[in-house]
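The values are calculated or read from the model by the stated rules, or taken from the named source; none is laboratory data. Because the structure is a prediction, the values reported are computed rather than measured. Using ideal geometry, Cβ is built from the backbone for each residue, glycine included, and neighbour counts are taken over all protein chains shown. Only protein heavy atoms, including side chains, enter the accessible area calculation; ligands, DNA and RNA are left aside. Shrake-Rupley method; radii C 1.70, N 1.55, O 1.52, S 1.80 Å.
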Amino acid sequence: MSDTSRRPSKPGKPYRRPQKDPVRILAFEALRAVDERDAYANLVLPPLLRKAREKGDFDGRDAALATELVYGTLRRQGTYDAVIAACVDRPLREVDPPVLDVLSLGAHQLLGTRIPTHAAVSASVELARVVLGDGRAKFVNAVLRKVAQHDLDAWLEQIAPPYDEDPEDHLAVVHSHPRWVVSALWDSLGGGRAGIEDLLEADNERPEVTLVARPGRGTTDELLREEAAVPGRWSPYAVRLTEGGEPGAIEAVKDGRAGVQDEGSQLVALALANAPVEGTDEKWLDGCAGPGGKAALLAALAAERGAMLLASEKQPHRAGLVAKALAGNPGPYQVIAGDGTRPPWRPGSFDRVLMDVPCTGLGALRRRPEARWRRRPEDLDGFAPLQRGLLRTALESVRVGGVVGYATCSPHLAETRAVVADVLKQFPETELIDARPLLPGVPALGDGPDVQLWPHVHGTDAMYLALIRRTG
């Protein structure tokens with residue numbers, strides 16, 4: 001059927017086939033996977049982009065636009081939901097999720113990009129015709145025309161309560177975070193409007209890709225030869241790709257001599273590796289090693305000193321990822337699938353122990369923006385016993401004179417200082433080590449002895465680290 005053919009049901013009215021836009025169709029498919037399967041965009045999007053390139057549908061600019069549409073829509077979902085709610089005549093929960101995804105993609109193009117208004121609306125309506133059908137495309141058209149009547153600032157004036165009346169709800173709508181997350185992050189920062197706004201804005205920025213050159217295997221000099229590569233800010237092994245790109249296509253990454261690793265994660269591993277221990281320094285443990293970034297760096301650092309690393313991960317498929325990350329390490333190591341709360345090793349077996357515990361992930365909202373909408377306050381209650389149990393195991397696993405690093409990619413006080421304080425009450429023969437000198441050159445590390453990194457201050461994920469020495 002040609003574009004000028006007619007549908008029998010509507011005599012006299014030309015029927016035009018919807019124009020398929022590979023970029024927006026791919027973005028829609030990614031959002032549906034995130035919504036329907038609780039997938040993460042950073043895991044769903046790369047294979048979709050790779051498949052599109054293999055088919056010849058995409059070039060570099062197309063991939064960049066698709067990535068921006070997906071991540072931008074997810075980051076600003078809360079704000080766009082509020083805008084769309086003001087433009088429809090029913091509660092959002094009554095709008096079919098696929099329709100809402102198309103509306104959100106359209107809202108992002110209208111309010112969060114430089115795409116011209118007419119192009120943003122028409123492209124979204126065409127997408128709706130392809131993936132939803134003509135009937136619902138009319139609804140999409142009507143709603144987006146209302147959205148297009150104002151820019152983002154004007155919409156925020158309408159939909160966000162005044163800061164003076166309800167500061168947390170104002171920040172939640174303006175910066176697109178759930179209210180409880182705003183409250184928790186504000187508590188962790190210690191108050192002040194400027195700090196919380198800077199942090200929430202940083203959460204909505206696209207993070208740079210950061211690589212790590214694994215000691216004894218790769219060098220930063222090699223990575224710096226890549227396009228738009230610059231040295232890391234704090235880690236001597238870090239290189240930042242300022243224009244994104246595909247790290248998986250870099251030879252050193254393909255070969256395992258380098259990897260993708262946030263600089264905050266690198267700093268945690270380096271601080272543990274450089275903390276002073278009393279006596280031998282031969283056996284190291286990563287007790288929650290999946291997916292293997294910190295383990296690979298620790299194993300390389302251990303190899304330089306003639307030490308070995310045991311990397312333990314409870315989930316077998318994640319233990320497989322750890323083994324892949326460590327393959328080719330220049331020194332001895334072992335990877336096991338083991339439960340850190342019921343360890344298969346003897347107490348007091350290790351000189352250094354890292355326990356990077358499972359958490360809400362509120363420190364990595366730049367990289368996993370959908371996590372902010374999935375997490376609930378009650379999730380903290382689920383993580384609490386596990387986090388405390390793993391820290392107890394770490395303290396039991398280290399010998400007297402050895403050091404434990406308790407780390408988490410969340411700044412929530414219930415997952416950081418509260419866990420450390422509670423567990424140390426059960427281990428009186430311990431002492432906190434001042435971690436700040438072990439992050440040389442890194443500013444604004446607070447009063448210590450523990451360390452909290454921040455996206456808006458350090459350009460890293462919001463990693464937390466407490467270093468603890470067994471004294472008896």
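General observations
- Matching residues in segment 24-77 - criterion: being outside any helix (DSSP H, G or I), farther than 17 Å from Trp373 by Cβ and among the small types (Gly, Ala, Ser): Gly56
- Test: residue in segment 114-136 that is out of contact with any His (no Cβ under 9 Å at 6 or more places or on another chain), surrounded by 15 or more Cβ atoms within 10 Å (Cβ to Cβ) and acidic (Asp, Glu): yes
Conditions (1) farther than 24 Å from Val277 by Cβ; (2) surrounded by 15 or more Cβ atoms within 10 Å (Cβ to Cβ), marked per residue:
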{"residue": "Arg372", "(1), (2)": "yes, yes"}
{"residue": "Arg375", "(1), (2)": "yes, yes"}
{"residue": "Glu378", "(1), (2)": "yes, no"}
{"residue": "Leu395", "(1), (2)": "no, yes"}
{"residue": "Arg399", "(1), (2)": "no, yes"}
{"residue": "Val419", "(1), (2)": "no, yes"}
{"residue": "Glu431", "(1), (2)": "no, no"}
{"residue": "Leu453", "(1), (2)": "no, yes"}
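- Some residue of segment 291-313 being of a type in the set (D, E, K, R) and assigned to a strand (DSSP E or B): no
- Test for Pro330: is it in a loop (DSSP other than H, G, I, E, B), more than 26 Å from the chain's Cα centre (by Cα) and farther than 21 Å from Arg399 by Cα: yes
- Every residue from segment 380-393 that is open to solvent by 50 Å² or more (accessible area, probe 1.4 Å) and more than 30 Å from Val34 (Cα to Cα): Arg392
- For Leu272, the conditions (1) within 17 Å of Leu439 (Cα to Cα); (2) part of a helix (DSSP H, G or I); (3) open to solvent by 10 Å² or more (accessible area, probe 1.4 Å) are fulfilled apart from (3).
- Top-ranked residue in segment 186-204 [being under 16 Å from the mean Cα position of the chain (by Cα) and surrounded by 14 or more Cβ atoms within 10 Å (Cβ to Cβ); ranked as farthest from Pro411 (Cα to Cα)]: Asn204
- In summary, Ala142 fulfils each of the numbered conditions (1) open to solvent by less than 20 Å² (accessible area, probe 1.4 Å); (2) over 18 Å from Arg76 (Cα atoms); (3) of a type in the set (Gly, Ala, Ser) with the single exception of condition (1).
- Matching residues, segment 1-58, being modelled with pLDDT under 70 and loosely packed, with under 10 Cβ neighbours inside 10 Å: Met1, Ser2, Asp3, Thr4, Pro8, Ser9, Lys10, Pro11, Gly12, Lys13
- Just one of (1) exposed (fewer than 14 other Cβ atoms within 10 Å of the Cβ); (2) outside any helix (DSSP H, G or I) fails for Pro207. It is (1).
- If you filter segment 225-244 down to residues that are open to solvent by less than 60 Å² (accessible area, probe 1.4 Å) and in a loop (DSSP other than H, G, I, E, B), you find that the one that is modelled with the lowest pLDDT is Gly244.
- Considering only residues in segment 146-195 that are of a type in the set (Lys, Arg) and closer than 21 Å to Leu365 by Cα, the one that is modelled with the highest pLDDT turns out to be Arg179.
- Residue satisfying all of: in segment 158-183; open to solvent by 10 Å² or more (accessible area, probe 1.4 Å) and among the polar types (S, T, N, Q); farthest from Val83 (Cα to Cα) among these: Ser183
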